[in-house]
Amino acid sequence: MKEFKFKISGQDYKATVDEKNAGSLVVTVNGQTYQVEVPQTKAAAPTMARAKSQGAQAGGPKNVNSELPGTVTKIIAANGQHVKKGDVLLVIEAMKMANDIVADADGTVQRIAVSEGQSVNQGDLLVEMVADAVAAAPAPEAPKAAPAAAPVPAAPKAAAGAKVVEAPLPGTITKVLVKAGQAVQAGETVCVMEAMKMENNITAEFGGTIKNVLVDAGAQVQSGQALVEFE
């Protein structure tokens with residue numbers, strides 16, 4: 001005996017399925033018992049699942065068969081109609097439950113094989129369909145060559161023996177406060193550098209006129225690297 005619990009439209013159901021002999025089931029739903037005949041099949045648990053389709057190739061048959069015995073209560077699709085995967089084709093009532101029978105693939109309905117009010121058994125043909133052919137996927141485009149990177153101009157360097165302000169430790173220049181030709185005094189901040197999550201003001205040790213600014217904001221510098229050159 002198999003037991004099932006499920007909910008339909010907010011109502012709880014409890015069902016048991018017991019096989020008495022080949023092709024005969026005793027199904028009890030919320031205390032009400034039904035005798036279900038399933039000719040030439042073994043016991044199958046009632047299911048709210050979708051109908052099975054026959055034929056796996058795109059462009060081939062995708063016939064829809066019934067997964068359980070019941071009564072066709074509503075036919076929604078029509079002969080010649082094009083349907084999408086998941087569209088409801090018809091409705092079957094089984095054990096006081098309405099089961100939507102849906103298309104498993106995009107395709108065209110060739111023939112509705114049942115009529116409303118007709119009783120069907122498990123495995124009976126419901127709808128003959130032909131699945132849409134699947135267009136071949138386009139070949140992937142060859143990757144385009146990346147454009148050549150623009151040459152990066154070399155950073156200016158201080159002349160040998162020039163007076164310079166150097167980085168006291170490795171870090172990142174976050175701000176440059178001076179420019180070429182500017183006069184500065186000793187102790188004046190020329191740039192700001194972030195190191196070890198702290199901002200450090202880099203100051204001139206002597207006064208004079210700036211000849212070259214050797215770094216830009218965002219530059220990574222090493223300890224002892226020249227930052228500003230004086231005339």
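The values are calculated or read from the model by the stated rules, or taken from the named source; none is laboratory data. Quantities reported herein were computed from a predicted structural model and do not represent experimental measurements. Because the Cβ atoms are built from the backbone with ideal geometry, glycine has one as well, and the counts that use them run over all protein chains shown. Ligands, DNA and RNA are stripped out before the accessible areas are found, and what is left, the full protein with its side chains, is counted by its heavy atoms. Shrake-Rupley method; radii C 1.70, N 1.55, O 1.52, S 1.80 Å.
If R0 is taken as 22 Å, the Cβ-Cβ distance between S119 and N79 corresponds to a FRET efficiency of 0.55. You can think of it this way: the chain between A145 and T174 has 7.0 nm of extra reach, that is 0.36 nm per residue less the Cα-Cα gap. Accessible area per residue was computed with a 1.4 Å probe on protein heavy atoms; M129 scores about 10 Å². Note on T209 and Q11: the model spin-label points, each 7 Å out from Cα along the C-beta direction, lie 9.8 nm apart. I'd like the FRET efficiency for E19 and E199, computed as 1/(1 + (r/R0)^6) with the beta carbon distance as r and R0 of 45 Å, rounded to 0.05. Result of the calculation: an efficiency of 0.05.
With all protein chains in place and ligands, DNA and RNA left out, the 1.4 Å accessible area ranks K144, K179 as K144, K179, largest first.
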